[in-house]
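See below for the structure under consideration.
The values are calculated or read from the model by the stated rules, or taken from the named source; none is laboratory data. The shown structure was predicted, so the numbers you read here are calculated from the model rather than taken from an experiment. For neighbour counting, all protein chains shown are included, and Cβ atoms are generated from backbone atoms with ideal geometry for every residue, glycine included. All accessible areas refer to the heavy atoms of the entire protein, side chains included, with ligands and DNA or RNA removed. Shrake-Rupley method; radii C 1.70, N 1.55, O 1.52, S 1.80 Å.
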Amino acid sequence: MTPASAPSRERGLAFRMALFILTSTTLLFGIAFGYNYVYSRDLVLKHVRENATHLTESLVGRIEARLLSVEQMPRHLALQLDNRNVTRHNLLAMIASLVAGSRDVFGSTVAFEPYAMEPGVRHYAPYVYRDRGGGVVTTQLGGAHYNYFIWDWYSIPRHLNRPVWSEPYFDEGGGNILMATYSHPFYEVSTGRPVFRGVVTADVSLEELRLAIGAVSLYRSGYAFLISRTGQFLAHPEARRIMRDSIFSLAEELALPALRRVGRQMIRGQEGFFSFSDARGEPFFLYFAPVPATGWAVGVVIPERELYADISALNRTVLLIGAAGFSLLSLVVVFISRSITRPLKSLVGATTEIARGNLDVTLPRMAVKDEVGQLSRSVDEMRLALKEYIHHLTETTRARERIESELKIARSIQMSFLPKRFPPFPERHEFDIFAVLEPAKEVGGDLYDFFFLDDTHLFFSIGDVSDKGVPAALFMAVTKTLMKGIAEQRIEPSEVLKRVNGELCQGNDSSMFVTLFCAVLDLRNGRLRYSNAGHNPPLLLRLGHEPQWMALPPGLVLGGMEEAVYQTRELILSPGDRLLLYTDGVTEAMDASATLYAEARLLDQARAAGPGGTEALVTQVLESVRRFSAGAPQSDDITMLALTYRGPGTS
Amino acid sequence: MECVSQKQGQTITIKVTGRMDAVTAPGFEKACAEWIDRGEKDLAVDLSGLEYISSAGLRAILGTGKTLKTRGGSLIFGGMSPMVREVFEISGFAAIFPVYDSLESALAAR
């Protein structure tokens, strides 16, 4: 687990579910939203271009229509003047009718070439115009102070041989209105080649155009403007710019070199779409188109922000819906995951309790039959099974503990039968005796015993009951008691065994038996009389000799058959001779691989022990057995009895 | 321990292999008891495969022998290893049960 991923793993299922679902939903929503935004933006942009184009075209159309309608009249008059001489009177009437023909025509003149109207009249240009009161006034232009031949309105059409719109201008005298003059040349063509005779002019008010264009409003703050051939603003929503600023000075003012480029394109009569940002970084779109008749150009400006206002509103709505959906989805996810994890959590709580050992915990009731419900039921079954098992185990353990404690008591009673105080007869120096009974875990049936028959005769015995447990312990107790009672009658060891056998065979249906070796030692002379009932032969350790097994008379185990007979044998012990009696717990002790300790090892160990006290001999053999069976459990009692004859008269 | 028994003529032969101790001896006793309950009286036990016999094993043999004796039957042994033979000798079992060198000679002696 990497540290980075640790928190989400440590957090619950609900958290992870919510995280994954909400993350992917947000991602999907984001993609859809982004696509929608880009697509709708493109769509809006397209519409705006179309709208701006239409608007511009319609504006251009309106301007042109107006200008063309105004152009009609001077052209018509010019045609009338071609090849014709008119009287002063007629001429004035014609001019006055032109002025009256349109409200937009502010004034008009017919200016002749020198001497073209009348010989001797160098300047002839009667000017008819509307005065402030609405009346029509006539005046003569030209003279020494006003040599109109060199003025643009006259000289340009003359040189170009075509009608010309002048640059617009403010007419100071006419009430500060925007004007432009249309000059149409007329000719004398009767001589073949047309000869320029003069121009017909009409001063046209552009106020209405200016107002119409200035009034154009697009979106919230979009507007239209009109520039002249030199880039001067003819119409602009900001009235102060009209005729004072040009698109180039505006570009300068706003520090927008791009606008200057656009301005150049505009006065060149091009058409285009352009996007730029103003000084405040506010982006705008600009669409522009020329007015061919005059060489002017119309521009339409739309703030981008307003273009996208609808989209922004839509986006806000979509985002709002998205956020609401997200919240709703979060709630749903949390609800679903809670509904899954809540029972799981309570289940976890319950199982933790169970793990702690509280098996009486009540598992949450699951109404649902889903996997969690199944799990809960399984856990409950497990809990009940565990509870039953532990109950059973407790019972069993208790019962076993009771049995074990009873066995322990039985064991201690059994052990209390045996003489365990050594040395047992500290006042006797003719012999030395030592015995040990190393009980197995279970109550076994080994026994040993020794006692004086009289002052000079020591009786001793060792035996092994064929079974284990309480019956064997009882059998052993009976045997020992019987033997002591019978031996004290001062009879031969074989007779002792025969009588004990007879008693033990009475009603012994369980075929339990005991092997037994018993002997009587005459302490005065070392004479040992002994008999055997199926017991292992003791080791005879004569001083200065190799250890040897005692030769035993045949004899059946006690309790086997009533008719069994036993024999007594005799040998003489010399002072220093020793006897080692043992049960098969010694020779049949096993190591971990079930190898027997066996007689050979016993013999070796007895030899290795060398001459020494009985306690040392027994202890050394016992330790050797323990070493041998290290780790393997002791399955049988280990019993040994050692006796050294020291000889008479040492007392 | 493993007990394989079969009827050969009037005699039930039981071959014992392995170890006969407190754990396994009841198995031997039960195998014998099943035959005896069916009325069989003559059992010959082949001990050539017996590795070890404890006092519990002896007790099982003694129990079986006593049962057969009360019913007028017989329990004979054949084919003992020296160690098992020694146990038989020491315990005096060799004196109360007929012991032969092999099962064949035991059956032949019958």
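A compact table of results
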{"read-out": "Taking only Cα atoms of the stretch A:86-146, radius of gyration then Dmax in Å", "value": "12.2, 36"}
{"read-out": "C-alpha long axis of helix A:470-487 to longest principal axis of chain A, angle in °", "value": "20 degrees"}
{"read-out": "Amide H partners (placed H, <5 Å) of A:Thr181, local residues excluded", "value": "A:Ser166, A:Val204"}
{"read-out": "Cα-centre dipole for the stretch A:419-645 with unit charges at Cβ (Lys and Arg positive, Asp and Glu negative), debye to 20", "value": "360 debye"}
{"read-out": "Stretch in chain A that is longest and holds no GluC sites (Glu not before Pro) that DSSP places in a loop and that have at most 14 other beta carbons within 10 Å", "value": "A:239-426"}
{"read-out": "Shape of the stretch A:419-645, Cα gyration tensor, a/c cut at 1.5", "value": "oblate"}
{"read-out": "Acute angle (nearest 10 degrees) that the helix A:13-81 long axis makes with the longest principal axis of chain A, alpha-carbon atoms", "value": "10 degrees"}
{"read-out": "Computed E for A:Glu353/A:Asp454 - FRET, C-beta separation, R0 60 angstrom, nearest 0.05", "value": "0.20"}
{"read-out": "Point-to-point label distance, A:Ala279-A:Ile403, nm (Cα→Cβ direction, 7 Å offset)", "value": "10.9 nm"}
{"read-out": "Amide proton proximity set for A:Arg646, modelled H, under 5 Å, gap of 5+", "value": "A:Phe431, A:Asp432, A:Gly576"}
{"read-out": "Cubic angstrom per residue, convex hull over Cα atoms of chain B", "value": "84 Å³"}
{"read-out": "Simple Cβ-charge dipole of chain A, Lys/Arg +1 and Asp/Glu -1, about Cα centre, in debye nearest 20", "value": "3660 debye"}
{"read-out": "By accessible area with a 1.4 Å probe, ligands and nucleic acids excluded, highest first: order of A:Met94, A:Met550", "value": "A:Met94, A:Met550"}
{"read-out": "Quotient of C-alpha Rg and 2.2 N^0.38 Å, computed over the stretch A:525-619", "value": "1.21"}
{"read-out": "Of A:Lys468/B:Lys30; A:Lys498/B:Lys7; A:Lys420/A:Lys441, those spanning more than 31 Å from alpha-carbon to alpha-carbon", "value": "A:Lys498/B:Lys7"}
{"read-out": "FRET efficiency, A:Ala255 to A:Phe20 (Cβ-Cβ, R0 51 Å, nearest 0.05)", "value": "0.45"}
{"read-out": "A:Ser246 accessible area, 1.4 Å probe, all protein chains in place, Å² to nearest 10", "value": "20 Å²"}
{"read-out": "Among A:Cys505, A:Leu571, A:Thr53 the positive-end extreme of the charge dipole of the protein assembly as shown (Cβ point charges)", "value": "A:Thr53"}
{"read-out": "Crossing angle, helix A:493-505 versus chain A [Cα axis fit, 0-90 degrees, rounded to tens]", "value": "60 degrees"}
{"read-out": "Kirkwood Rh and Cα Rg combined as Rg/Rh, chain A", "value": "1.80"}
{"read-out": "Distance between the stretch A:433-464 and the stretch A:292-307 - C-alpha centres, whole angstrom", "value": "134 Å"}
{"read-out": "Simple spin-label estimate for A:Glu57 and A:Leu331 in nanometres, 7 Å along Cα-Cβ", "value": "5.2 nm"}
{"read-out": "Equivalent-ellipsoid semi-axes of the stretch A:464-576, from the Cα gyration tensor, Å, largest first", "value": "27, 15, 12"}
{"read-out": "Cα pair distances exceeding 15 angstrom across the stretch A:214-266, given as percent", "value": "47 percent"}
{"read-out": "Neighbour-limited loop hits for trypsin sites (Lys or Arg not before Pro), the stretch A:344-375 (at most 12 other Cβ within 10 Å; DSSP other than H, G, I, E, B)", "value": "A:Arg365, A:Lys369"}
{"read-out": "Bins of 10 Å from zero: percent of alpha-carbon pairs in the stretch A:52-169", "value": "11, 38, 35, 11, 4, 0"}
{"read-out": "Part-to-part distance (alpha-carbon centres) for the stretch A:92-154 and the stretch A:533-571, which is given in Å", "value": "176 Å"}
{"read-out": "In the stretch A:156-230, the trypsin sites (Lys or Arg not before Pro) that fall in loop regions by DSSP, at most 15 other Cβ within 10 Å", "value": "A:Arg220"}
{"read-out": "Over 28 Å between alpha carbons, listed pairs A:Lys408/B:Lys15; B:Lys15/B:Lys66; A:Lys345/A:Lys369; A:Lys408/B:Lys66", "value": "A:Lys408/B:Lys15; A:Lys408/B:Lys66"}
{"read-out": "Restricting the stretch B:8-87 to trypsin sites (Lys or Arg not before Pro) in coil, as DSSP defines it, with at most 12 other Cβ within 10 Å", "value": "B:Arg38, B:Arg71"}
{"read-out": "Rel. contact order, % - alpha carbon contacts under 8 angstrom, at least six apart, the stretch A:154-275", "value": "15 percent"}
{"read-out": "Most positive-pole-ward Cα, A:Val618, A:Gly647, A:Leu580, against dipole of the stretch A:543-651 from beta carbon charges", "value": "A:Gly647"}
